[in-house]
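Each reported figure results from applying straightforward, stated rules to the coordinates on display, with no laboratory input. What you see is a predicted model; the values in this text were computed from it and never measured. Reconstructed Cβ throughout: ideal geometry from the backbone, glycine too, with neighbour counts over all protein chains shown.
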Amino acid sequence: MKHVAAALLAATSLLAVGSASALEIKSSDVHAMGYPTTDAIAAMGECLSEKTDGDMTINIFHSMQLGGEKEALEQVQLGALEMTRVSVGVVGPIVDDFNAFNLPYVFRSIEHSHHVVDGPIGQDLLARLESGGLIGLGFMDAGARSFYNKERPIEKPEDLQGLKVRVMQNPIFIDMMSAMGGNGIPIAFNELYTALQTGVVDGAENNPPSYLTQNHYEQAGYYSLTEHLIVPEIFVFSKKVWDGLDESQQTAIRECSKVATEKERELWQKMEQEAMAKLEEMGVKINEVDKAPFIEITAPVREKFGEKYAEILGKIEAVE
Ligand code: BDP
């Protein structure tokens with residue numbers, strides 16, 4: 001996979017040599033085209049191309065062509081890749097305070113998460129990514145994440161006992177699973193289908209669109225609406241590349257980033273509804289969940305990290 005990725009990057013860099021100021025922005029995403037995140041980055045590309053008379057374009061490496069999100073972030077930090085769209089779930093290890101977003105039941109609703117990421121808290125976090133070699137361009141929606149597994153509907157936390165549940169590659173999610181009585185196993189998204197198929201894990205957790213489009217429902221047909229995490233998406237640019245751009249290019253990228261965020265939110269709502277309908281149609285066993293016991297049982301996780309993230313958690317809570 002690494003060789004394929006390197007070859008792809010090298011090939012497109014050669015193609016990108018055009019007029020002196022031309023810039024082809026390579027951007028990766030684990031999702032296929034037609035997913036809200038990829039289509040939103042495509043809209044950003046159109047915006048950039050229009051603004052710069054075709055000098056700046058975005059070439060999307062979708063569907064995990066460049067591997068998982070951790071590697072994508074590393075490539076962007078190195079400047080080998082200009083941009084990537086990932087889950088905030090994997091950004092915590094770069095700027096620790098992002099982990100406040102990765103705690104269970106921190107956001108009261110999607111609206112609450114919008115108010116947080118659109119306001120000073122979100123904007124401050126984006127700016128702080130510079131210390132990690134990244135330029136934070138914006139957030140996107142990813143709805144709420146719920147559990148799915150092969151064995152049974154999850155109605156109460158005890159139902160998670162003994163289950164091996166794939167989590168994103170960030171230690172904070174292992175703690176979350178332990179608190180709930182399950183066994184959290186970090187695996188890259190691009191390796192998850194096989195992990196489900198071969199029984200390395202019994203289940204995982206994600207929003208309806210990812211569960212559907214990755215065909216995970218074929219392997220794990222119980223979907224339980226615990227909605228325990230609201231983890232936004234984020235798209236970031238390479239600081240190495242950014243520092244070599246002129247101001248007008250940076251401004252164009254900033255302006256078109258707003259187009260991407262707005263477009264994604266619009267597409268997300270539609271996609272989420274459609275995904276739920278489709279999952280039902282495919283015979284997935286979906287169950288509603290009383291969230292109170294899940295909120296209660298995950299309190300120790302929020303407490304464990306509460307002190308570390310006290311300042312930002314207090315601010316998040318104060319947001320309407
Ligand atoms: C999806 C996100 C994607 C993550 C994936 C995961 O859109 O960025 O890679 O979850 O669970 O919802 O790894």
Can you check what the net charge comes to around Asp141, using other residues whose Cβ is under 10 Å from the Cβ of Asp141 (Lys, Arg +1; Asp, Glu -1)?
-3
Can you classify the chain as rounded, prolate or oblate using the Cα gyration tensor, where a ≥ b ≥ c are the square roots of its eigenvalues, rounded means a/c under 1.5, and otherwise it's prolate if a/b beats b/c and oblate if not?
prolate
Could you derive backbone 3J(HN,Hα) for the stretch 95-106 from the dihedral phi with the Karplus parameters 6.51, -1.76 and 1.60 (θ = phi - 60°), listing whole Hz in sequence and x where the residue is Gly or Pro?
10, 3, 4, 4, 5, 4, 6, 9, 8, x, 6, 7
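What is the sum of charges, Lys and Arg at +1 and Asp and Glu at -1, for the other residues whose Cβ falls under 12 Å from the Cβ of Ala22?
Values: positive: none; negative: Glu24, Asp53, Asp55.
Spelling it out: positives minus negatives among the neighbours equals -3.
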Give the long-range amide H neighbours of Gly138: residues separated by 5 or more places, or on another chain, with amide H under 5 Å away, using H modelled in the peptide plane at 1.01 Å from N.
Phe235
Which of the lysines could a cross-linker bridge to Lys51, judged by Cα under 30 Å and excluding same-chain residues fewer than eight apart?
Lys26, Lys239, Lys240, Lys258, Lys263, Lys270
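Can you tell me the relative contact order of the chain? Whole percent, Cα pairs under 8 Å, sequence separation 6 or more.
Numbers: 588 pairs, mean separation 77.6, N = 320.
Relative contact order, the chain: 24 percent.
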Return the long-range amide H neighbours of Thr84 (sequence gap of 5 or more, or a different chain), with a cut-off of under 5 Å between placed amide H atoms.
Ser28, Val236
Counting Lys +1, Arg +1, Asp -1, Glu -1, what net charge surrounds Glu255 among other residues with beta carbon under 12 Å of its beta carbon?
+1
Going residue by residue through the stretch 161-178, the Karplus relation 6.51 cos²θ - 1.76 cosθ + 1.60 with θ = phi - 60° gives ³J(HN,Hα) values, rounded to whole Hz and with x marking Gly or Pro, of 4, x, 8, 8, 10, 5, 10, 5, 7, 7, x, 4, 6, 5, 4, 4, 5, 4
In the stretch 53-157, the trypsin sites (Lys or Arg not before Pro) that fall in loop regions by DSSP, at most 15 other Cβ within 10 Å:
Arg108, Lys150
Over the stretch 165-320, relative contact order from alpha-carbon pairs under 8 Å, at least 6 apart, %
28 percent
Read phi for every residue in the stretch 192-203 and hand back ³J(HN,Hα) as whole Hz from Karplus 6.51 cos²θ - 1.76 cosθ + 1.60, θ = phi - 60°, with x for Gly and Pro.
6, 4, 5, 4, 6, 5, 8, x, 4, 10, 8, x
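How high is the relative contact order of the stretch 22-155, in percent, counting Cα pairs under 8 Å that sit 6 or more residues apart? Can you show the working numbers first?
Details: 148 pairs, mean separation 28.0, N = 134.
It rounds to 21 percent for the stretch 22-155.
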Under-5 Å amide H pairs with Val106, H placed in peptide plane, nonlocal only:
Ile230
